[in-house]
1. Quick one: ranking ILE26, ILE46, ILE14 by accessible area, 1.4 Å probe, largest first, what do you get?
2. Hey, any idea what % of the chain's accessible area is carbon plus sulfur with a 1.4 Å probe?
3. Given the DSSP H assignment, sum -39500 (n - 2.57) over each helix run of at least 4 residues in the chain and divide by its residue total; what's the result at 222 nm in deg cm²/dmol, nearest 500?
4. Using 0.36 nm per residue, how much length does the chain from LYS21 to VAL55 gain when fully extended, once their Cα-Cα distance is taken away?
5. Report the relative contact order of the chain, percent, no decimals, based on alpha-carbon pairs under 8 angstrom and at least 6 residues apart.
6. Å³ per residue of the Cα convex hull, for the chain?
7. Ignoring everything but the protein chains, give the 1.4 Å probe accessible area of LEU13 in square angstrom, nearest 10.
Amino acid sequence: MLNGMDELQRLILIRCYIDGKRDMAIALETNYGIAQYKRIKRKSVIELATRVGVVVKKQFDEVS
């Protein structure tokens, strides 16, 4: 499944969920700003979930 994905998306998913690295470390490793990295990560997770057939729900933070 990961082989069919973009190289950057694959790298981010592996580093984050398999290697257990933190977002800031991966963003620095890939030379992207944290905001751009998070957009790419979100897109990667949604694409992988779509390939696997998992429904992804948007989570809203509660404001007190």
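1. ILE46, ILE14, ILE26
2. Carbon and sulfur: 53 percent of the exposed surface of the chain.
3. Taken over the chain, the calculation gives -16000 deg cm²/dmol.
4. Extra length from LYS21 to VAL55 when fully extended: 9.7 nm.
5. 31
6. Expressed per residue, the convex hull around the Cα atoms of the chain is 104 Å³.
7. For LEU13, solvent-accessible area is about 10 Å².
The values are calculated or read from the model by the stated rules, or taken from the named source; none is laboratory data. Every value quoted in this text rests on a predicted model; they were computed, and no experiment measured them. Ligands, DNA and RNA are stripped out before the accessible areas are found, and what is left, the full protein with its side chains, is counted by its heavy atoms. Shrake-Rupley method; radii C 1.70, N 1.55, O 1.52, S 1.80 Å.
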